[in-house]
Amino acid sequence: MTTSSPPQIFDRRVARKRRARSSAAFPAHDFLHRRIMEDVVDRLETVNRDFPQALFAGAGDLTSMLTPACGVGDVFHTDSAKGRLAGAVPSFVCEEEALPAAPQSLHLIVSILTLHGANDLVGALAQARAALKPDGLFLAAVFGEETLRVLRNAFYRAETELTGGVAPRFAPLAVIQDFGQALSRAGFALPVTDVDRVTVDYANPFSLLKDLRGMGETSALKDRAPSLKRSVLARAMELFAEAGGRERFEIVYLTGWVPHESQQKPLKPGSAKASLADAVRKNTG
């Protein structure tokens, strides 16, 4: 039996370069990452347990925001670009799909805006599951399909008007249901997905492009489009401004637990102590 490899949508070498180039300017453009880290802290503070060994991917020095109430002990840091680790130790440079963790060695894995660029999302999630101990927690934030919808439309319209066609310049982003299914396929128990939609006003449309470069989130598609003409860029920025200069970032949170016998399980069919028919007869007799 043969299994097909997942499509290679992203050029990981280009993605690493984009991320590395963003390192120096990143602190000036990390508002989404900080927002996510604040949310992660809130979530961990509500979980009544400790995480002696934790791995944070894409967080860099934002792990300094963790509080004692989070219950996090030793923290390991990973990123595909050394500069984005911001000197955090201990740290490892690695891809999202190649975690440097031994099987069942961690109690917690947190990923901040890294997995939406993975070519094999289910494979990356399965690796995270394998690295976690039974009843270990996985928590990730990724960009969802509504992210940059206004900018995408502006570019599509501008390119169609001026060239008669549209080139692939934006990464495809999954819908929230796909993320939930990916968690289940990777073997996580109690999978949950929820969304935070962040709206940002840009008086200058080019500030949005600057933010994307500063985050390391410019296109890393494997099948790259031809160079963008200045006239198309100018028209796209004009259309973006005409649309109100307001952009949305859709942040999808993925939560899953490694299966453990202590976790709540659904009842087996037929295990209910009273049948629906009996209940109906009792209330109508």
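Of all the residues in the range 40-60, those that are farther than 22 Å from residue 252 by Cα and not hydrophobic (A, V, I, L, M, F, W, C) number 5.
Mind listing whichever residues of the range 151-208 are of a type in the set (A, V, I, L, M, F, W, C) and assigned to a helix (DSSP H, G or I)? Once the filter is applied, which keeps residues that are of a type in the set (A, V, I, L, M, F, W, C) and assigned to a helix (DSSP H, G or I), the range 151-208 yields 151, 154, 155, 158, 162, 176, 179, 182, 183, 206, 208. Per the listing 166, 200, the residue uniquely over 25 Å from residue 109 (Cα atoms), among the hydrophobic types (A, V, I, L, M, F, W, C) and without any contact (Cβ under 8 Å) to a residue 12 or more places away in the chain is 166. The set of residues in the range 73-85 that are farther than 17 Å from residue 116 by Cα and either among the polar types (S, T, N, Q) or free of Cβ contacts under 8 Å to residues at least 40 places away in the same chain (or both) comprises 73, 74, 75, 76, 77, 85.
Of everything in the range 43-76 that's over 20 Å from residue 27 (Cα atoms) and of a type in the set (A, V, I, L, M), which residue is surrounded by the fewest Cβ atoms within 10 Å (Cβ to Cβ)? Among those that are over 20 Å from residue 27 (Cα atoms) and of a type in the set (A, V, I, L, M), it is 69. Tallying residues that are surrounded by 13 or more Cβ atoms within 10 Å (Cβ to Cβ) and under 17 Å from residue 14 (Cα atoms) within the range 201-227 yields 13. From the list 88, 54, the lone residue that is at pLDDT below 95 and not in a helix (DSSP H, G or I) is 88.
Let me spell it out: the conditions are (1) of a type outside the set (Lys, Arg); (2) within 21 Å of residue 94 (Cα to Cα); (3) over 19 Å from the mean Cα position of the chain (by Cα), and residue 78 meets all of them except one. Which number is the exception? Every listed condition holds for residue 78 apart from (3).
Looking across 126, 131, one residue alone is under 22 Å from residue 185 (Cα atoms), over 16 Å from the mean Cα position of the chain (by Cα) and surrounded by fewer than 23 Cβ atoms within 10 Å (Cβ to Cβ). It is 131.
Considering only residues that are of a type in the set (Gly, Ala, Ser) and either in a helix (DSSP H, G or I) or without any contact (Cβ under 8 Å) to a residue 24 or more places away in the chain (or both), which ones fall in the range 60-72? Correct list: 60, 64, 69.
The values are calculated or read from the model by the stated rules, or taken from the named source; none is laboratory data. On a predicted model such as this, the values are computed, not experimentally measured, just so you know. Cβ coordinates were reconstructed from backbone atoms using ideal geometry, including for glycine residues, and neighbour counts include every protein chain displayed.
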